[in-house]
Every structure is written in structure tokens, then in C-alpha cells.
Amino acid sequence: MDAATTISPAVLILLGPPGAGKGTQARMLEDKFGLVQLSTGDLLREAVAAGTEAGKAAKAVMEAGDLVSDEIVIAILRDRMAQPDCAKGVILDGFPRTTVQAEALDGLLSENNQKINAAISLEVEDAEMVIRISGRYTCAGCGEGYHDTFKQPVEDGKCDKCGHTEFKRRADDNAETVASRLSAYHAQTAPLITYYDGQGVLKCTNAMGKIEDIASDLESIVGNAMS
Ligand code: AMP
């Protein structure tokens with residue numbers, strides 16, 4: 001393949017407050033388009049569980065609902081993006097969350113001759129986010145997301161996707177931490193909507209409806225952005 005016909009791996013960004021459905025939707029897009037979901041929240045939780053230096057530094061910050069330092073998060077993201085599976089294209093879920101991170105991502109992509117196909121803002125209301133976050137849990141086996149009110153497993157206590165029977169809830173999915181996470185979003189992450197609008201890659205979608213309806217909107221946005 002010559003340079004003119006080389007297709008760069010797609011880079012998609014999901015922007016939105018905690019509870020907007022970024023993780024759920026990223027997993028669906030991953031399956032549909034053969035992309036890799038990169039969640040800095042998941043990577044940080046893995047680092048905390050593994051007790052790495054980064055994990056030790058991040059633990060208390062995450063429990064308080066604040067943002068982990070740009071330096072730590074950028075280093076984690078950079079390492080993960082260098083893994084071979086990311087050559088399929090990535091959906092960034094929860095990164096970037098600050099202008100410094102967005103600029104670091106631009107630098108990393110330009111080093112690799114890549115560009116952002118789309119930054120998609122999931123638009124929701126804060127009050128709804130508190131309800132969504134406080135009822136959510138995931139399968140301990142495969143990570144499939146569920147919710148006490150909106151999405152229970154078809155068979156009680158058994159994951160629809162992998163059949164596992166254990167589930168877990170995140171330590172930071174409680175009312176006080178959610179308030180801090182929402183204010184961190186408005187103060188530090190929401191300005192990225194203007195940042196990506198300025199780059200001409202911003203797409204917005206109403207994320208207040210049903211999971212399937214939002215998924216279908218996102219599929220068409222991503223399909224267009226990748227064509
Ligand atoms: P999430 O799973 O995306 O909701 O992230 C959970 C927590 O991890 C956040 O409340 C932050 O403390 C931390 N975190 C995740 N991604 C980032 C990021 N890009 N920058 C700073 N902190 C992050």
C-alpha cells in the first residue's frame with residue numbers, strides 16, 4: 001500500500017459528564033466498528049488495583065471525585081495507545097478531560113500522522129446523571145454495564161453477555177463523589193466542547209433517551225466520521 005492509500009486508524013472521542021453513558025456506548029461502538037475502547041478511568045482503576053506508583057497517587061484523588069494529574073493520565077494513555085491492538089482505531093472514553101490533555105493528545109496523534117475523526121459530546125442534564133450513576137453496576141467477569149432501574153440482566157443475577165454471577169459497584173459512584181465529579185466536568189472538561197468545535201470535529205447528540213436510540217444516533221455519526 002503506498003502512502004496515498006494508507007488509511008490511518010480512526011480516533012473517536014466521547015465527551016460527556018460522568019453517567020452520560022460514555023462507557024456503555026463505547027462498548028457498543030467497539031463491537032460494531034471493530035475499534036478499541038480506551039477508558040482512562042478503567043486504566044486508572046487497574047493501576048490502583050495493581051498498586052503501581054501511578055495507582056497509589058491516583059487512589060485518593062479518584063475517591064474524592066477530583067481529576068488525577070495530567071502527567072499521570074497522559075503517561076498511562078500514551079503507553080496504552082502504543083499497544084498493537086490500538087492500530088485498529090480507538091474510542092477514547094473519559095480522555096481528554098482537560099485542555100492540557102487535549103493538547104497532549106494532538107501532539108501524540110501528529111507524531112503518528114493520525115487525526116481525530118470526531119469528538120462526540122453526549123448532552124445530558126446533571127439531575128439525571130445523579131440518578132443514573134447511583135444505580136449502576138457492572139459484571140465482574142466481562143464488565144458489561146447494568147442499572148437497578150434501567151437495565152437489569154434478563155436472568156436475575158446472571159450476566160446476559162458472559163453468564164457470570166458476580167457484579168460490582170464502583171467506590172466513587174456515591175452521591176457526594178458524584179457532585180465533585182460533575183463539578184470537575186463543568187469546570188475542566190466542558191471547555192473541550194469549544195476546543196473541538198474550533199478544530200471542526202465536534203458532533204453533538206442528545207443522550208437523555210433510551211440506550212438503543214442513542215446507540216443508533218452514535219452509529220450514524222461514527223459511520224460518517226470514519227468514511
Ligand atoms: P471515569 O471512569 O471516566 O468516570 O473516571 C473515574 C475517575 O478516574 C475520575 O473521577 C477521575 O478521578 C479519574 N480519571 C479518569 N480519567 C481521567 C482523566 N482523563 N483525567 C483525570 N482524571 C481521570
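Miscellaneous remarks
- Residue match in the stretch 33-41 (condition: open to solvent by 30 Å² or more (accessible area, probe 1.4 Å) and in a helix (DSSP H, G or I)): yes
- Residue that is farthest from Arg97 (Cα to Cα) [pool: residues in the stretch 49-60 that are more than 9 Å from the ligand (Cβ to nearest atom) and open to solvent by less than 40 Å² (accessible area, probe 1.4 Å)]: Gly51
- Of the residues examined, Gly16 is not one that is in contact (Cβ under 8 Å) with a residue 12 or more places away in the chain, open to solvent by 20 Å² or more (accessible area, probe 1.4 Å), within 27 Å of Ala225 (Cβ to Cβ) and more than 9 Å from the ligand (Cβ to nearest atom).
- Scan of the stretch 61-92 for residues that are among the aliphatic types (A, V, I, L, M), loosely packed, with under 15 Cβ neighbours inside 10 Å and near the ligand (Cβ under 9 Å from one of its atoms), ordered by number: Val61, Ala64
Per-residue answers, yes or no, for (1) open to solvent by 30 Å² or more (accessible area, probe 1.4 Å); (2) in contact with a helix residue (DSSP H, G or I) (Cβ under 6 Å, 6 or more places away or on another chain); (3) under 13 Å from Gly16 (Cβ atoms):
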{"site": "Thr177", "(1), (2), (3)": "no, no, no"}
{"site": "Ser183", "(1), (2), (3)": "yes, no, no"}
{"site": "Gln188", "(1), (2), (3)": "yes, no, no"}
{"site": "Tyr195", "(1), (2), (3)": "yes, yes, no"}
{"site": "Gly198", "(1), (2), (3)": "yes, no, no"}
{"site": "Asn206", "(1), (2), (3)": "yes, no, yes"}
{"site": "Ser220", "(1), (2), (3)": "yes, no, no"}
{"site": "Asn224", "(1), (2), (3)": "yes, no, no"}
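- Those residues of the stretch 113-163 which are over 19 Å from the mean Cα position of the chain (by Cα) and closer than 21 Å to Val222 by Cα, in sequence order: Asn113, Gln114
- Test for Met129: is it open to solvent by less than 10 Å² (accessible area, probe 1.4 Å) and either modelled with pLDDT under 95 or within 14 Å of the ligand (Cβ to nearest atom) (or both): yes
The values are calculated or read from the model by the stated rules, or taken from the named source; none is laboratory data. This one's a predicted model, so the numbers in the text were calculated from it and none came from an experiment. Glycine also receives a Cβ, built like all others from the backbone with ideal geometry; neighbour counts cover every protein chain displayed. Keep in mind that these areas ignore ligands, DNA and RNA; they rest on the heavy atoms of the full protein, side chains included. Shrake-Rupley method; radii C 1.70, N 1.55, O 1.52, S 1.80 Å.
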